1. Rounding to the nearest 20 debye, state how big the charge dipole of region 25-101 is about its Cα centre with +1 on each Lys and Arg Cβ and -1 on each Asp and Glu Cβ.
2. Just grab the label-to-label distance for E46 and A68, each label 7 Å out from Cα along the Cβ direction, in nm (one decimal).
3. Tell me, in nm to one decimal, what length is gained between A53 and T80 on full extension, where the rule is 0.36 nm per residue of separation less the Cα-Cα distance?
4. Give the calculated FRET efficiency between Q309 and T237 to the nearest 0.05, with a Förster radius of 30 Å applied to their Cβ-Cβ distance.
5. Enter the Cα centre distance for the pair region 205-221 and region 52-88, rounded to the nearest angstrom.
6. With each pseudo-label sitting 7 Å past Cα toward Cβ, what's the R277-H139 distance in nm, one decimal?
7. Calculated FRET efficiency, T101 and I212, Cβ-Cβ r, R0 41 Å, to nearest 0.05?
8. In square nanometres and to one decimal, what's the mean projected area of the convex hull around the Cα atoms of region 25-101?
Amino acid sequence: MLLAPCPAQRAPRSVPAVRTPLPPLPGLLAYEATARLGSIAAAADELGLSASAVSQRIRVLETQLGIALFERQARSIRLTPMGQAYLPTVRGAFDDLSAGTTGLFGPAGRGRLTVRVQVSYAMTWLMPRLPDFHDDYPHIDLRVVTAIWANEVPPHEVDLEIRHGNGRWAGFTADLLHEDQAVVVGSPAHLEAYGPLTGPADLEQRPRVHVIGYDDLWQRLFPHTPPPSRGAEATITLDTTVAATQFAASGLHCALVPERFARAAVRDGRLVVLHDRLVPLRQAHYLLQREGKGEGEAHMSPEGRTFVQWLIRQDIEDPPLQPGG
């Protein structure tokens, strides 16, 4: 939804080809701190300078501007009318700089961690748990990016990456994070219409979802399944597990997907397990670090170690589904 600009917003300004010289930053800092705190001594304490250094910086600024910003008296200092008029501009510039810096880089002293994950892992498994991570570790500013934005985030800005595969990627060290199995799921409506899945002949009569990349799972669930007959239900092919689980939850198609990605939907009742057998996947989820950043948990940042240990705890606190149990 587009938001209309409020009246107080300034209209965009064109950037001049040659910028007007700016006043010296040390003088602006000294001027703003003195005006805000009401004394040179207080400004000196905040800036870590001597009172004479603060006074000197203000004088240099006044000389460049060609105006007096303060009226100096024996035991006090106060803003001149021009000093009072200039203050909102300087303070607004500092506020904008502070807000922009914090928004982009996070508050000073806070931990930051950037993790890249695949879309299905993010949407079906990680996102439902992230509020707990935030509650447990509010001092860590976590940025999660998916493979969709792979070209938008420079490699050196990614601290950790989670990928599904065989554990071998050029340019990365990989540590096993999750071993996974696949489970047959469908909506409660599917279960009501077709009942539990009993065998290959039964499977042939059901509408199914096929997920690109998991080409052999149905055959491995029922190794002696004959080729589909002319009367078999057609399958729908989708390119991500998140699409397959959402599609299965909203209709009458069943899906054979990684148990981890179906876990939350089964627990909240949007999907049900249709068969009592799990199919081991031939690939697993690995934690990747780019070569040159170190190898193993001992070389991770404290924020990275915290995140990985939290991930591992999720499988302990929320164990895999046990079909038929």
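Nothing in this text is a laboratory measurement; each read-out follows from the coordinates by a stated rule. Bear in mind that the values here come from a model prediction, so they are computed numbers and not experimental data. Please note: Cβ atoms are built from the backbone with ideal geometry, for glycine as well, and neighbour counts cover all protein chains shown.
1. On the way: 7 positive and 7 negative charges, 56 e Å.
With only Lys, Arg, Asp and Glu charged at Cβ, the dipole is about 260 debye.
2. Roughly 2.3 nm, to one decimal.
3. Full extension of this stretch gives 7.7 nm more.
4. My answer for the efficiency is 0.20.
5. 76
6. Result: 5.1 nm between the two label points.
7. 0.45
8. Working: hull surface 19.8 nm².
So the mean shadow area of the Cα hull is 5.0 nm².
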